[in-house]
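Structure record follows, encoded as structure tokens.
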Amino acid sequence: MDNEDFRAWSRRAAEWGADYRANLSERPVRARTAPGEIASAIASHAPEKPEAMDDIFADFEAHIVPGMTHWQHPRFFAYFPANAAPVSVVAEYLVSAMAAQCMLWQTSPAATELETKMLDWLRQALGLPQEFQGVIQDSASSATLAAVLTMRERALEWRGNKAGLAGQAAVRVYSSDQVHTSIDRAIWVSGIGDDNLVRVPVSGPLRSMDTQALDAAIRADREAGLLPAGIIASVGGTSTGGTDDVAAVCAVARAHGLYVHVDAAWAGSAMICPEFRHFWAGVGEADSIVFNPHKWLGAQFDCSAHFLRDPDSLVKTLAIQPEFLKTHGRDGIINYSEWSVPLGRRFRALKIWFLLRAHGLEGLRAMIRNHVAWSQELAERVRAMPGFEIVTEPMLSLFSFRHVPENADDLDAHNLALVTAINDDGRIYLTQTRVDGKLAIRFQAGQFETTREDVMSALDVIVGCAQRLMSNR
Ligand SMILES: *Cc1c(COP(=O)(O)O)cnc(C)c1O
């Protein structure tokens with residue numbers, strides 16, 4: 001592809017993207033393909049000879065697009081949002097055209113310095129204390145892994161990386177059972193091992209860790225000669241929004257000298273609105289906090305903001321500094337590759353800069369407030385429908401419900417059939433979870449361009465599908 005072709009195809013791609021977004025609402029939200037259908041349409045070998053761009057592009061439209069689930073669809077109410085605001089797509093195009101590696105200050109000074117600034121903008125927007133410094137990780141999973149490695153090394157007095165874990169006292173980490181699976185994986189990958197992740201029981205409407213039980217578990221472990229290292233608190237858990245009392249967790253941690261990591265991957269975006277900050281009251285006492293601007297805020301994936309009270313302990317855990325990477329630079333230069341597990345880094349700060357400037361914090365707050373209000377309004381409408389019950393009350397814009405018709409004998413099977421019918425219908429997309437062993441259907445509103453009408457339209461689909469299921473029995 002020469003530069004003139006590059007120009008032409010870039011334009012064509014931009015036109016395609018704008019058309020795609022304009023007509024998204026008419027597509028079914030979830031892909032309607034059977035497993036293997038897309039693969040069977042793709043050649044089994046790479047071509048030996050170059051192919052024409054026209055053919056490649058035509059195949060993209062014919063075979064790939066129909067197999068996509070449309071995460072930017074205004075009626076995507078499944079999982080959590082993965083918002084890519086149009087302005088962040090534009091920024092990503094520019095980043096992709098420059099394609100710089102941003103691991104060291106000198107490998108792209110603008111990327112490093114903008115990252116420092118943007119994380120400080122976000123810190124202020126969330127109301128976090130000034131001592132927090134931030135880094136952009138590729139995902140919350142990576143941020144949590146970095147935090148778990150830091151708590152491990154801190155507890156082992158920095159011996160783990162060198163000597164390994166064999167022969168050391170068992171490192172113990174504490175969390176509720178509402179945390180995301182990325183916590184389990186960080187525990188596995190860090191060599192701490194699943195048996196050393198202590199699941200503290202939860203209680204109350206927000207399914208919060210029982211901090212007395214937490215304190216007792218830490219004491220018992222100490223007495224048994226184990227090595228308590230850190231606590232992972234959840235703010236807005238994936239299943240139903242489970243949220244710990246961060247202030248109480250931090251108080252226990254302080255009493256025992258433990259490290260606290262707060263996973264607010266989804267809910268953290270809402271903290272740009274002061275009225276929602278009670279959900280993480282006390283967060284300023286934590287050591288490490290992650291939230292994903294790539295979820296609710298609108299910065300295209302990947303973009304995970306990781307704030308640290310003391311970046312030195314993270315850098316002490318992860319920095320390698322081989323000779324060839326030394327920058328021999330000025331003092332105060334930040335090499336962000338020393339703050340994360342991967343070495344190579346994309347220029348992720350640009351899309352935050354574009355997003356925050358194009359929408360302003362007021363614009364983003366208005367979006368989040370609408371999502372929360374509309375979702376809660378829908379929850380009330382579902383509650384009022386005969387035969388429906390709310391299983392978990394709204395936490396921000398997330399709630400769960402189920403259909404409980406009088407004559408259904410297996411409610412789990414019935415609700416699984418219902419969510420399948422809803423998703424086959426195509427107008428909306430929902431996912432299910434389990435609450436105290438019972439199957440419940442989740443609803444969250446958070447897509448960047450969703451409207452009140454889009455959110456309310458879910459009621460017709462849900463009730464209509466339930467009625468059809470009942471009449472087909
Ligand atoms: C989405 C999510 C994660 C994982 O985020 P990635 O960026 O995909 O790794 C972790 N924790 C919570 C609470 C989440 O909602």
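We did not get these values from a lab; they are worked out from the coordinates using the rules stated. Just so it is clear, the structure is predicted and the values come from calculations on it, not from any experiment. For neighbour counting, all protein chains shown are included, and Cβ atoms are generated from backbone atoms with ideal geometry for every residue, glycine included.
Summary of values
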quantity: Identity of the residue in the range 283-302, within 9 Å of the ligand (Cβ to nearest atom) and assigned to a loop (DSSP other than H, G, I, E, B), that ends up nearest to residue 347 (Cα to Cα); calculated: 302
quantity: Hits in the range 250-282 - residues which are away from the ligand (no atom under 11 Å from the Cβ), out of contact with any helix residue (DSSP H, G or I) (no Cβ under 6 Å at 6 or more places or on another chain) and within 21 Å of residue 177 (Cα to Cα); calculated: 251, 253, 258, 279
quantity: Filtered residue count, the range 135-149, keeping only those that are surrounded by fewer than 22 Cβ atoms within 10 Å (Cβ to Cβ) and away from the ligand (no atom under 12 Å from the Cβ); calculated: 1
quantity: Residues of the range 107-131 satisfying the condition of being over 17 Å from residue 333 (Cβ atoms) and assigned to a helix (DSSP H, G or I); calculated: 118, 121, 122, 123, 124, 125, 126
quantity: Hey, residue 95 closer than 24 Å to residue 429 by Cα and not in a loop (DSSP other than H, G, I, E, B) or not; calculated: no
quantity: Unique match (being surrounded by 15 or more Cβ atoms within 10 Å (Cβ to Cβ), over 26 Å from residue 350 (Cβ atoms) and either within 16 Å of the ligand (Cβ to nearest atom) or hydrophobic (A, V, I, L, M, F, W, C) (or both)) among 62, 78, 85, 34; calculated: 78
quantity: Residues of the range 193-240 satisfying the condition of being within 16 Å of the ligand (Cβ to nearest atom) and polar (S, T, N, Q); calculated: 208, 234, 238, 239, 240
quantity: Among (1) touching a residue at least 12 places away in the same chain (Cβ under 8 Å); (2) assigned to a helix (DSSP H, G or I) - the single one residue 405 does not satisfy; calculated: (2)
quantity: Any hit, the range 53-60, residues being over 30 Å from residue 264 (Cα atoms), touching a residue at least 60 places away in the same chain (Cβ under 8 Å) and among the hydrophobic types (A, V, I, L, M, F, W, C); calculated: no
